[in-house]
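Worksheet: one structure, shown below.
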Amino acid sequence: MLYTPTKRAKNKLIKAFKIVAFLYFLIGIVLYMFQEKLLFLPTVLAEDYKYTSVYNFEEITLEPEDNVTLNAIHYKVEKPKGVMLYFHVNAGDLSRWSKVSEFFVAKNYDVLIMDYRTYGKSKGKLSEQAFYNDAQLFYNYLLKQYEASEITIYGRSLGTGIATYVASKNKAKQLILETPYSSITAVAKHRFPVFPIKWLLKYKFPSEDFIKNITCPITIFHGTEDKIVPYQFGVKLAEQAKKDQVNFITIDNGSHNNLVTFEAYLEGIDKIL
């Protein structure tokens, strides 16, 4: 005998459906309204904060437009092998990430690392285009002191999308990407598969499109156990570049924040630098 739901059961089902639909709609609104707080986790530094380092450096502040200040640190060594333009991750500020970038200063490279708007001492309204414009501003800053053939562009996590954009618009020596994504949209769809991410997301960072226009050599490092930007997205990004242009280095058992502890990463960096 087929089961025929009673009117009361039907009402319960309708009520449950309405609750689920309401929650779905509510979560979608939260994702849209608060996506900047989910994507970007800046920490703020006082304007009089003093950076310290065992290496020689210069603190830089650029003001590309009204109410925008961009803070950066430019490390300089004697007789550098070249200069690295370093784009850091979505959390923290220069008080942390400048120390991380000193890994490359120790390899006898000048390094320029900036804080994005709202990070550290930098100020200004965030937008995807602002990330790109500010990054290009610092690339242009370096061109006043170095040849394009001396500039290595390095991006880590969030910074990989910005680095890939800059490399697609300029003729640098090389591009190095650590734990990159094919696009922020793809990663967001992976995390929130039931939502229309394409329409909700303001920040796309389509690295898979930018990488097609890059002419310099590209090196990608990605760990197989990365839970933040899964390994598959690094592979997908590499597939969009010219095959003879990309050196993809897999870090077995590497996660999102520990690649520097693996010999494969250290050997790869030493080889390309």
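The values are calculated or read from the model by the stated rules, or taken from the named source; none is laboratory data. From a predicted model like this one, the values you see are computed outputs, not experimental measurements. Cβ placement follows ideal geometry from the backbone for every residue including glycine, while neighbour counts extend to all protein chains displayed.
Screening D115, D134 for residues that are over 22 Å from P206 (Cβ atoms), surrounded by 18 or more Cβ atoms within 10 Å (Cβ to Cβ) and either of a type in the set (D, E) or outside the structural domain of I153 (by TED's automatic domain parsing) (or both) leaves exactly one candidate, D115.
Only residues that are of a type in the set (D, E) and touching a helix residue (DSSP H, G or I) at 6+ places or on another chain (Cβ under 9 Å): list them for region 248-273, please.
D252
Matching residues to (1) closer than 27 Å to I211 by Cβ; (2) of a type outside the set (S, T, N, Q):
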{"residue": "V77", "(1), (2)": "no, yes"}
{"residue": "S95", "(1), (2)": "no, no"}
{"residue": "A106", "(1), (2)": "no, yes"}
{"residue": "Q129", "(1), (2)": "yes, no"}
{"residue": "D134", "(1), (2)": "yes, yes"}
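Residues that are modelled with pLDDT of 95 or more and touching a Leu at 6+ places or on another chain (Cβ under 7 Å): does region 123-132 have at least one? Scanning region 123-132 turns up no residue that is modelled with pLDDT of 95 or more and touching a Leu at 6+ places or on another chain (Cβ under 7 Å).
May I ask you to say which residue of Y181, Y132 is assigned to a helix (DSSP H, G or I), without any contact (Cβ under 8 Å) to a residue 60 or more places away in the chain, over 11 Å from Y86 (Cα atoms) and out of contact with any strand residue (DSSP E or B) (no Cβ under 9 Å at 6 or more places or on another chain)?
Working: Y181 fails: assigned to a helix (DSSP H, G or I).
Checking each option against the conditions leaves just Y132.
Wholly within region 59-121, which strands (runs of 3 or more DSSP E) include no fewer than the required count, namely at least 3 residues that are more than 16 Å from T160 (Cα to Cα) and not aromatic (F, W, Y)?
70-75
Taking region 189-273 and the helices (runs of 4 or more DSSP H) fully enclosed by it, the elements with 3 or more residues that are surrounded by 14 or more Cβ atoms within 10 Å (Cβ to Cβ) are at 207-210, 231-239, 263-272.
Given the conditions (1) within 28 Å of T185 (Cα to Cα); (2) modelled with pLDDT under 95, which single one is not true for G92? Going through (1) within 28 Å of T185 (Cα to Cα); (2) modelled with pLDDT under 95 one by one, G92 breaks only (2). From the set of residues in region 28-77 that are modelled with pLDDT of 95 or more, of a type in the set (S, T, N, Q) and closer than 17 Å to A91 by Cβ, which is surrounded by the most Cβ atoms within 10 Å (Cβ to Cβ)? Only one residue tops the list, namely N71.
For (1) touching a helix residue (DSSP H, G or I) at 6+ places or on another chain (Cβ under 9 Å); (2) without any contact (Cβ under 8 Å) to a residue 60 or more places away in the chain; (3) within 15 Å of N56 (Cα to Cα), each residue gets a yes or a no:
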| residue | (1), (2), (3) |
| --- | --- |
| H88 | yes, no, no |
| F103 | yes, no, yes |
| Y109 | no, no, yes |
| M114 | yes, yes, no |
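Among the candidates Y141, Y181, Y154, the residue that is farther than 28 Å from T224 by Cβ and either among the charged types (D, E, K, R) or at pLDDT 95 or above (or both) is uniquely Y141.
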